[in-house]
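Colleague: Below is a structure I'd like to ask you about.
The values are calculated or read from the model by the stated rules, or taken from the named source; none is laboratory data. This one's a predicted model, so the numbers in the text were calculated from it and none came from an experiment. In this analysis, Cβ positions are derived from the backbone assuming ideal geometry, glycine residues included, and neighbour counts consider all displayed protein chains.
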Amino acid sequence: MDRIRIVGGQRLNGAIPISGAKNATLPLMIASLLTEDTLILDNVPRLADVIQLQRILGNHGVDVMIAGKRPGDDPNQGRTIHISAKHIVDTTAPYDLVSKMRASFWVVAPLLARMGEAKVSMPGGCAIGTRPVDLLILALEKLGAEIEIESGMSSHARRKACAVEKLFSRR
């Protein structure tokens, strides 16, 4: 078994702040599209993907508020963001925004559930190679969505049955 041996005369003591995980933050940000209520996320990591998703959500009319820099702020700690999707004004996620990050394709599901349609470019941004989104598309189809892939570049989703509405109803 491997081990780490620390040699020295002083006992180690202290605290290391850890910001939130990107793979937890991005789905929560996308989930904000499901509600008119303001979502407050604490300990959000300061990463390019988080900033890119803010741009994508902003394209849909979502307001994202991040508190400005304060004295004593540690740039390595997470921050608090407030996300309000009270008014969705656009159900299209264009290629120039979506192509930079694979997770951005996930906006298709909450847009479909809340607005009844979504047109989202196929994702990009994966440094380890292509990773298909076929499971998400299959799940939406099983819930009653009609999905059209247009020349491999974008998908257009519409509700054709009430299963998606039932799944995401407020009751």
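Colleague: Within segment 38-75, work out how many residues are over 22 Å from Pro110 (Cα atoms) and surrounded by 13 or more Cβ atoms within 10 Å (Cβ to Cβ).
Modeller: Residues that pass the stated criteria total 5.
Colleague: Sort out for me the helices (runs of 4 or more DSSP H) sitting completely within segment 55-171 that have 2 or more residues that are within 30 Å of Ala15 (Cβ to Cβ) and at pLDDT below 85.
Modeller: none
Colleague: Looking at segment 17-28, is at least one residue surrounded by 13 or more Cβ atoms within 10 Å (Cβ to Cβ), of a type outside the set (A, V, I, L, M, F, W, C), more than 27 Å from Ala118 (Cβ to Cβ) and touching a strand residue (DSSP E or B) at 6+ places or on another chain (Cβ under 9 Å)?
Modeller: Yes, segment 17-28 contains a residue that is surrounded by 13 or more Cβ atoms within 10 Å (Cβ to Cβ), of a type outside the set (A, V, I, L, M, F, W, C), more than 27 Å from Ala118 (Cβ to Cβ) and touching a strand residue (DSSP E or B) at 6+ places or on another chain (Cβ under 9 Å).
Colleague: Are any residues in segment 58-108 of a type in the set (Val, Ile, Thr) and farther than 29 Å from Met122 by Cα, and if so, which ones?
Modeller: If the condition is that a residue be of a type in the set (Val, Ile, Thr) and farther than 29 Å from Met122 by Cα, then Thr80 is the only one that fits.
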